[in-house]
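Engineer: Please see the structure below; I have some questions.
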Ligand code: SF4
């Protein structure tokens with residue numbers, strides 16, 4: 001079922017066609033004037049781009065979308081996203097392993113995430129008409145916020161409401177499905193030298209102690225050495241290690257992770273003694289995250305991942321700059337900057353970039369079948385590909 005590395009993904013080819021743009025072979029020629037896309041160059045050497053964490057991360061996301069779980073012949077559908085987590089810890093890449101039927105049922109609730117207020121309303125809504133205060137558990141905050149959430153859910157068409165006198169009654173449209181089975185967190189470290197390993201260790205220890213994700217991995221550039229150098233670093237044994245080659249989109253498992261106890265209380269290390277490597281008699285300070293809090297956070301992360309995916313990288317870049325392009329490599333659309341003649345990082349490609357040039361107004365009016373210029377079109381292309389990874393979603397809202 002999984003596509004070979006380097007072969008264009010059929011879903012992606014279809015997505016180009018469905019947006020009125022022909023397949024990869026004809027991209028440059030067919031839309032050259034209005035969509036100044038660099039020529040598709042199979043086998044082009046993008047090694048430099050992938051040595052940055054941003055470039056490496058985009059390739060890891062693409063690989064995970066096609067190949068997860070590593071080394072297994074398994075068709076579990078996955079949702080891949082990047083830069084998500086909690087207030088205290090943001091993961092580079094996350095992979096959600098999903099129940100196929102439940103994932104399709106999740107699509108009934110639309111592309112956008114359900115925030116905690118919406119989830120409270122939708123998950124507790126009864127099958128029969130009921131006064132909302134009798135149906136939903138007290139949320140721990142004023143009921144007026146619940147009423148707002150009920151109206152928002154009604155506006156989105158994911159909950160039914162009616163008035164009985166002055167009382168609002170609710171009824172569910174569908175049960176909210178238990179669609180996300182496991183959450184896997186991946187830290188991307190293309191170049192894990194000694195000092196990077198020292199910085200990474202406390203992050204992984206935090207993840208292992210908290211056990212918010214089912215598994216934690218580190219993805220690092222494959223060196224081809226008999227023993228990958230990362231295995232010589234002092235990292236938690238619970239974290240798995242992927243030796244990843246972003247050029248060929250292939251990976252080897254250098255170390256298998258342990259499954260973390262997501263159902264048990266998590267431990268948050270607030271302060272460590274002996275931080276400088278010297279013995280001291282003080283105790284470490286901890287706090288605990290109860291399983292209910294963890295369940296809620298995991299669902300919130302899964303919902304955000306469902307909405308954003310990893311192609312949302314374009315939302316924090318400047319696709320409205322005339323130097324910005326999307327370039328196709330192995331069926332993956334990657335950002336490219338004509339001014340820099342390479343893939344820009346997310347940090348570089350911002351309003352403070354000294355080479356930023358707004359796209360000419362004529363690009364936004366002439367020859368464009370939809371509102372907006374190439375910048376908007378780039379976003380639409382990526383959004384279309386994201387939608388195709390969410391079975392059951394028919395249209396992008
Ligand atoms: S010139 Fe700057 S803002 Fe424009 S695409 Fe390149 S990196 Fe992005």
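Read-outs throughout are calculated quantities, based only on the coordinates presented, and are distinct from any laboratory measurement. Predicted, not measured: the structure shown is a model, and the values here were computed from it. No Cβ is skipped: glycine too gets one built from the backbone with ideal geometry, and neighbour counts run over all protein chains shown.
Engineer: What is the Cα centroid distance between segment 111-134 and segment 192-243, reported in whole angstrom?
Structural biologist: 40 Å
Engineer: If the viscosity is 1.567 mPa s and the temperature 4 °C, what Stokes-Einstein diffusion coefficient in µm²/s follows for segment 114-260 when Rh is the Kirkwood radius over Cα pairs?
Structural biologist: The calculation lands on 69 µm²/s.
Engineer: With contacts defined as alpha carbon pairs under 8 Å and 6 or more residues apart, what's the relative contact order of segment 115-172 in percent?
Structural biologist: About 45 percent, as a whole number.
Engineer: For segment 115-172, compute Rg over Rh where Rg is the Cα radius of gyration and Rh is the Kirkwood radius from the inverse mean 1/r over Cα pairs.
Structural biologist: So for segment 115-172, dividing Rg by the Kirkwood Rh gives 0.91.
Engineer: Would you mind ranking 75, 92 so that the residue whose beta carbon has the fewest other beta carbons within 10 Å leads the list?
Structural biologist: 75, 92
Engineer: Now a separate question. Going by how many other Cβ atoms sit within 10 Å of their own, how do 310, 129, 68 line up, fewest first?
Structural biologist: 129, 68, 310
Engineer: While we're on this one: With the convex hull built on the Cα atoms of segment 60-113, state its orientation-averaged projected area in nm².
Structural biologist: Taking the Cα atoms of segment 60-113, their convex hull projects to 4.6 nm² on average.
Engineer: I would also like to ask the following. Quick one: work out Rg over Rh on the C-alpha atoms of segment 183-233, Rh as Kirkwood radius.
Structural biologist: Using only Cα positions, Rg/Rh for segment 183-233 is 0.99.
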